[in-house]
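Colleague: Take this structure first; my questions come after.
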Amino acid sequence: MKPSQIQSNEYAPYYATFISDLSDEYTLIEELEIALHRFIKFVQNLPMDKFDYRYAEGKWTIKDIIQHVIDCERVFSYRALRIARNDKTELPGFEEDDYAVEANANQRSIMDLLTELSSVRHSTIYLFKTFNEEQFLRIGIASDNPISVRAIGFIIIAHQNHHQRVFEERYL
């Protein structure tokens with residue numbers, strides 16, 4: 001399954017740019033694995049003094065953003081699980097800024113954050129490997145918008161890629 005196969009009715013319009021930026025070079029599972037390694041390598045090559053840097057007052061640090069990526073992946077994976085298992089319950093949104101305040105990412109080491117990201121991603125990969133074609137195509141409601149299981153998988157990747165670009169553009 002490739003990102004170009006996803007239809008625009010499988011996700012909120014907000015995610016259109018995220019999904020359109022993805023390449024069709026790899027399948028969902030392959031890209032979940034590759035993107036993790038690419039991101040970790042990128043972060044490990046950042047100068048140490050950048051991890052706690054804020055490019056403007058009130059903006060998140062790189063550590064905050066990595067924790068945000070982890071938290072979002074957990075939320076998105078939970079949504080995928082619920083929808084894939086044919087749970088019809090509408091799933092609420094969440095306030096990312098509130099999560100960031102409570103996460104205490106800046107009290108953690110960068111290696112601890114990357115290890116957690118790796119663990120969460122491996123869990124996501126194993127979860128997505130359990131889904132069959134019918135489950136990947138299921139659409140549920142999350143944050144008041146329709147979303148398919150397969151779109152969630154690609155959004156996880158695209159969200160991570162988006163934040164890597166933010167690092168490149170605003171933190172380096």
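The values are calculated or read from the model by the stated rules, or taken from the named source; none is laboratory data. These numbers were taken from a predicted model, which means no experiment stands behind them. All Cβ positions, glycine included, derive from the backbone under ideal geometry; neighbour counts span all protein chains shown. These accessible areas exclude ligands, DNA and RNA; they are computed on the full protein's heavy atoms, side chains included. Shrake-Rupley method; radii C 1.70, N 1.55, O 1.52, S 1.80 Å.
Colleague: Tell me the accessible surface of His122 in square angstrom (1.4 angstrom probe, heavy atoms of protein chains only), to the nearest ten.
Modeller: 80 Å²
Colleague: Right, something else. Please tell me the relative contact order of segment 1-66 in percent, rounded to the nearest whole number, where contacts are Cα pairs under 8 Å and at least six residues apart. List each step's numbers first, then the result.
Modeller: Values: 28 pairs, mean separation 16.0, N = 66.
Relative contact order for segment 1-66 comes out at 24 percent.
Colleague: If you don't mind, there's one more thing I want to ask. Modelled label-to-label distance, Lys129 and Lys88, 7 Å Cα→beta-carbon offset: nm?
Modeller: Result: 3.3 nm between the two label points.
Colleague: For an R0 of 45 angstrom, estimate the FRET efficiency from the Cβ-Cβ distance between Met48 and His122 and round to the nearest 0.05. Walk me through the numbers before you get to the answer.
Modeller: Numbers: r = 26 Å, r/R0 = 0.58.
So the FRET efficiency works out to roughly 0.95.
Colleague: Evaluate the relative contact order of the chain (contact order divided by residue number), counting alpha-carbon pairs under 8 angstrom at least 6 apart; express in whole percent.
Modeller: Contact order relative to length: 38 percent.
Colleague: Under DSSP H, which helices of the chain have Cα atoms covering 18 Å or more of the helix axis and a Kyte-Doolittle average no less than -0.5?
Modeller: Numbers: long enough: 28-44 (24 Å, 0.64); 62-84 (32 Å, 0.30); 110-129 (28 Å, 0.47); 149-166 (26 Å, 0.18).
Helices passing the filter in the chain: 28-44, 62-84, 110-129, 149-166.
Colleague: Something else about it: Mind checking the per residue accessible area of segment 34-150 for me, 1.4 Å probe, whole number of Å²? Provide the component values of the computation, followed by the final result.
Modeller: Working: 6290 Å² over 117 residues.
With all protein chains present, segment 34-150 gives 54 Å² per residue.
Colleague: Modelling each spin label as a point 7 Å along the Cα-to-Cβ direction, I'd like the Thr17/His37 distance in nm, to one decimal.
Modeller: Once both label points are built, they end up 3.0 nm from each other.
Colleague: Leaving out ligands, DNA and RNA, and with a 1.4 Å probe, what % of the accessible surface on segment 8-127 is carbon or sulfur?
Modeller: It is 51 percent, rounded to a whole number.
Colleague: In nm, give the distance between the simple-model label positions of Ala56 and Asn145, each being 7 Å from the Cα along the Cα-to-Cβ direction.
Modeller: For the pair Ala56/Asn145, the computed spacing is 2.2 nm.
Colleague: Also: Which whole-number percent of Cα pairs in segment 32-148 have a distance greater than 24 Å?
Modeller: Value for segment 32-148 (Cα pairs over 24 Å): 36 percent.
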